[in-house]
Amino acid sequence: MDPKGILNKAKSNVVRSAMRSVNLTRGALRRRRAVKPRAGSEYLAVSPDALGLILTAYGFKQKPVALVAVAAEHVVARFDVEQATVESRTDAYTATADYRVITNALANLTIATEDIDGDESTPEDGEDEGWKLQLGWLLEPSEERPVGASSSVVLGDHVVHETELEHTAGMQWIQWAGRASKTEASAFPRRHVNGHTVTPLITTRGNVRIDVNTPPALHALIYADDVCVQSNGIHVKGRVASAQGNVTQPRFVVVGRETGTRFESRMRLELDRGWTQTDFGRRRYRYDVRVPINPLMWDSFSNSEPFDAVVEFYDTEGVVHTRRVSRVPIESRVAARGGILESRGRIACVSPYFTFKAKALSFHIECFELSVKPLLTGTRKVDPQADVWLIGEQPWRAGDNGYRFFTWLRRKHPQINAYYVIDKDSPDIEKFAGEPNVVLSGTYSHFEKALQASKFIGTHHPDFLMPTYAPSFKARLRGTRVFLQHGVLGVKRMTSTYGKNAPQFNVDQFFVSSEKEREIVMNDLGYKADQVVVTGLPRFDSLLGESVEPRRGQVVVMPTWRDWIRDEEGFLASEYFQQWHQVLSSDGFARVVRENGLDVKLYLHTNMQRFAHHFEDLPVTVMFPGEEDVQCLMQESQLLITDYSSVAFDFSFLGRPVIYFQFDRGRFLGRNGSHLDLDAELPGYIEFTANDVVERLRSCAASGFEQTEELRARSRSFMTHRDTRNCERVFKAVITGPEHTIVGSGSPWKDAMPLVVRRFRRSRWYWKSMRAFYKAASVMPGKRESLVFESGLGKQYADSPRYIYEELLRRGDTRPKVWIYSGPHVFTDPNTEVVQRLSPEYYAALARAQIWTMNQSAPSYLKRPAKVRFVQTWHGTPLKHMQLDAAGKQEQSEGYLERAQAGVRQWTHLISPSPYASSAFRSAFGFNGPIVELGYPRNDILVSDEAPAIREHTRAQLGLGKQRAILYAPTFRDNQKNARGKLAFQLPFDLETFAQQMPDDTVLLLRMHSLIASRIQIPEHLRDRVKDVSSYSDIQELFLASDALITDYSSVFFDAAVLRYPIVFFAYDLEDYQQNLRGFYLDYMKDLPGPIVQDEAELWATVNERLEKGIDQGQRSRFIERFAPQDDGHAAERVVDELY
């Protein structure tokens, strides 16, 4: 082994040793930690018998008088409590929850059930069936809530939250059983009582619960604390956490994803009593297992097949449950080490790795001839050879940029020692007949050439060009990693996959097709300018250079894949299959095909090909790999229909139209979104419903499949060099490119650092250091010129801050701008930086800014620098009492008013839409600074010239078509909270009734308040009539997309009023809200711009009547004149003129 290799191995061993020590130390501290009681009791013992569950506890602050079983806020059963003596404690109490009493009571109960605990115990096992009864101690009546009690009291047989009561004196409070300082619990077997199945358990939140008639469930989390490969196989030490403790006959299995090849071993679980007692009785075990890798099975799988580590359990009824080993601490991931097994003239290289998203434990098990062992371990050196270039794609493919560049290189520069890497079983190997410079993956030659290589040039992960996944071998490879890409990047944000700091992805050169793409790779992915080269993709040479006449009427459909679809059952149940099948099987589609003589070819993504036969009965030709070259297929077609695939860029470069069918955009892009503004930048027509795709196909066929000038311009922005010299530019860039500077393929520290940073940010030291940093940075000398914007506490790109920002951009303002934002919006302004709220960059931006623009307050502990202007836009015209005016009515947390007032003191200017709002702001906030009545910039789009286009675009995104849309946007209720204390909301009307009473062409849009934590459940059969749009960022766009508004006490109606459409107020709890929760700044019964209704039957009749007959425009004009006189479409201009 060379000196550098020895040094790297030594460093690696030091890192692994350090990480193992850290992990062992953390484990010891975890076992010894003292858990503070959250339920109030010091001790709890839970043990089952044949017909019940026995609970014994001591350390109550208030004497318990009964044990109650509660389901859906209903007391199902009560059990007597007796005094007991435990461990010399005479203040203990015991009770038995009798299963017979519970099942008999449930037989007469007809109410909907939900988990009061709010605990997600085993969602994957379908626990939302049956009954879930939480056990709690009913305490003696008291004047105020006892220490340790919940916020619930018992009135008769009902459980009521304290905020729903006028007074709580003399009430009986519930203290939920569980979460004691010390808990002793036995394993909980399922029992069959009175024809019912009863399952006691301790939930993941630590409370005692009894489930009746729920499916067999086993909640277990599998931890791996130490992973290594020894001479006889895989050695894993770890922990198992089980809420029920009913795990038996566990087996540790390493199973292949493709062939199902299994390597397994029995596990011995050792109960960790100390840890179990301090973890609320949730049973904690330790295990130490060795899994032999049987040489007789080495031929049953390929080297490319991944293996997953799982644990199989039998529960007490003999049902098998499988759980991934998915809890691996970062220290363990860093310290994990592979190894080499030897048998019968062959070796198996076993390398642990951790899945991209879940970080679950998996393995690469690769089998080689014994001859490669000296090269693999570094005991044999290779003969030096200059300029070996290894080129390829995925080992089983040859047809994309890697293959195109290799054939060009062999033809133009045969002096380069270039070799193509391909698997011996690949169907594309026929393309290399007579080509000597081919390396078969995993052979001795591959190992030798990899060690000699100065360049690794690939279209995917660099690991595909390596002969093995073994980190120790890859660390010795000195070749420059060149990323050709396999398509134009941009549609889906790929920072976590291909970013500079992405785990295990390391490249030295990143080739792109345009200056736009180069900016994305530098700004979003974090690469340096000299690493990113605009060359174009090698396949563009043949795409643009080969003259292929398109076949008349040929249409190709090429959707990409979905990573959440893993098997046939999931595929058939998926929206992906249903939507694409709906398009291709519809009568409208068949009619367009028939009338225009179209020939439609369907080519599914490689990862979805195994499901292709489900489309064979449709009027399309299903294509399979190898039948026709993909690039040739595109060249011969006149139109492409896809969803998010990068082939759309290639197709648009041919000057032909593309239709994007993006029915699941939100889920596909995820919370990270796109690098692009898809609606403004994609080179094709974007549709969201099957009907719209068919209509777009019809219009494209009628136009002769012409690409519009606008779409042609968009397409050109993604291709800087429109010629056939892409391979030449790639070659020159590779020749002049940098040397390989990354030691190894993925440093352990690189993978560890994000989690280390996250842990630090959760600690008290982070907040202390950030406050000190902010204080120091805010007084540093220097010019202040940056503008900081924030909306919705950094969660939105919306509201008035957005429209002030966009007005500045419209004027060409070049000052540095910082958006505090964590969402997917793409900022195209080169002077705009995006930072996360409460990150170090956040504190730096606030400390050095010239102007803060926010619609809520900054953190109360930050003092605004004297030279900074804070423009507070607020987030609505006030209707209900706030802050100072709500004191005594609204339930406010301790210190809330002090924090709120500290935030108000930082404001320098407050924007108001009217004198009415200004008066309310003065009263609510106690703000003494200047209030500027310039109107709300966020409402400019409601009356702008672009409003019709925004309406159509938003409706298309929501899939509304020509349907009427009613927006329901209520406010929150201070007294509606879930079990975790978060604000919740229950719909005050029945969705079935809406569907029955409103016309079929009417859709209800549900927009919950941003503070609401719970999600609205919409029945499957109503999802065409009811849509949850709570996650849609900009409510102004929803106003435009709607034809009427229903609200209650939310201030949204002040904004929507300028649209002059019907607004109906559903005030079903008006008296309680006005008298007990909040008051109003106006006369609710007289001043509103629409009718007030208080029952559901009247609601839908009134809405329907207003939609048919319209509104009183005179009354609406008077309302606007009083409450929104400045909302004329020019508020942002006035604000910028005066304050910026």
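Annotation note: Cβ proximity below 7 Å between a residue of the range 561-587 that is in the same structural domain as PHE668 (by TED's automatic domain parsing) and a residue that is β-branched (Val, Ile, Thr) and assigned to a loop (DSSP other than H, G, I, E, B) (sequence gap 6+ or interchain) occurs for PHE571/ILE565; SER574/ILE565; TYR576/ILE565; LEU584/VAL620.
So for the range 550-561 (the condition being within 18 Å of PHE661 (Cα to Cα) and out of contact with any strand residue (DSSP E or B) (no Cβ under 9 Å at 6 or more places or on another chain)), does at least one residue qualify? Yes, the range 550-561 contains at least one residue that is within 18 Å of PHE661 (Cα to Cα) and out of contact with any strand residue (DSSP E or B) (no Cβ under 9 Å at 6 or more places or on another chain). ASP650 passes every criterion in (1) out of contact with any Ser or Thr (no Cβ under 6 Å at 6 or more places or on another chain); (2) buried (at least 17 other Cβ atoms within 10 Å of the Cβ); (3) part of a loop (DSSP other than H, G, I, E, B) apart from (3). If you go through the range 1098-1111 and keep only what is in contact (Cβ under 8 Å) with a residue 60 or more places away in the chain and surrounded by fewer than 16 Cβ atoms within 10 Å (Cβ to Cβ), you end up with just ALA1101. If the requirement is being surrounded by fewer than 18 Cβ atoms within 10 Å (Cβ to Cβ) and touching a residue at least 24 places away in the same chain (Cβ under 8 Å), which of these qualifies: HIS413, HIS460, HIS446, HIS486? Exactly one residue qualifies, and that residue is HIS413. Scanning the range 163-188 for residues that are within 25 Å of ILE210 (Cβ to Cβ) and modelled with pLDDT under 80 yields a total of 1.
Restricting attention to the range 1013-1029 and to residues that are over 16 Å from PHE989 (Cβ atoms) and surrounded by fewer than 16 Cβ atoms within 10 Å (Cβ to Cβ), the residue that is modelled with the lowest pLDDT turns out to be ALA1013. The sole residue among VAL372, VAL421, VAL439 that is over 30 Å from VAL311 (Cα atoms), surrounded by 18 or more Cβ atoms within 10 Å (Cβ to Cβ) and touching a residue at least 60 places away in the same chain (Cβ under 8 Å) is VAL372.
Being under 13 Å from GLU393 (Cα atoms) and not charged (D, E, K, R): is that true of THR459 here? The answer is yes for THR459. Checked against the criterion of being out of contact with any Leu (no Cβ under 7 Å at 6 or more places or on another chain), in the same structural domain as TYR803 (by TED's automatic domain parsing) and buried (at least 21 other Cβ atoms within 10 Å of the Cβ), the candidates THR908, THR877 yield just one match: THR877. Going through (1) under 30 Å from VAL521 (Cβ atoms); (2) touching a strand residue (DSSP E or B) at 6+ places or on another chain (Cβ under 9 Å); (3) aromatic (Phe, Trp, Tyr) one by one, TYR843 falls short only on (2). Number of residues in the range 772-805 that are surrounded by 15 or more Cβ atoms within 10 Å (Cβ to Cβ) and part of a helix (DSSP H, G or I) equals 10.
Of everything in the range 65-90 that is over 19 Å from HIS158 (Cβ atoms) and of a type outside the set (S, T, N, Q), the residue that is surrounded by the most Cβ atoms within 10 Å (Cβ to Cβ) is VAL81. In the range 674-728, the residue that is surrounded by the fewest Cβ atoms within 10 Å (Cβ to Cβ) out of those that are under 29 Å from the mean Cα position of the chain (by Cα) and within 19 Å of PRO550 (Cβ to Cβ) is TYR685. Just checking, how many residues over the range 40-92 are free of Cβ contacts under 8 Å to residues at least 40 places away in the same chain and in contact with a Pro (Cβ under 7 Å, 6 or more places away or on another chain)? Of the residues in that region, 0 qualify. Residues of the range 424-447 that are in contact with a Leu (Cβ under 8 Å, 6 or more places away or on another chain) and either modelled with pLDDT of 95 or more or of a type in the set (Phe, Trp, Tyr) (or both): VAL439, TYR444, HIS446, PHE447. Checked against the criterion of being among the charged types (D, E, K, R) and farther than 28 Å from ILE365 by Cβ, the candidates ARG268, ARG284, ARG251, ARG239 yield just one match: ARG284.
The values are calculated or read from the model by the stated rules, or taken from the named source; none is laboratory data. This structure is a prediction, so every number in the text was calculated from the model and none was measured. We place every Cβ from the backbone using ideal geometry, glycine too, and count neighbours over all the protein chains shown.
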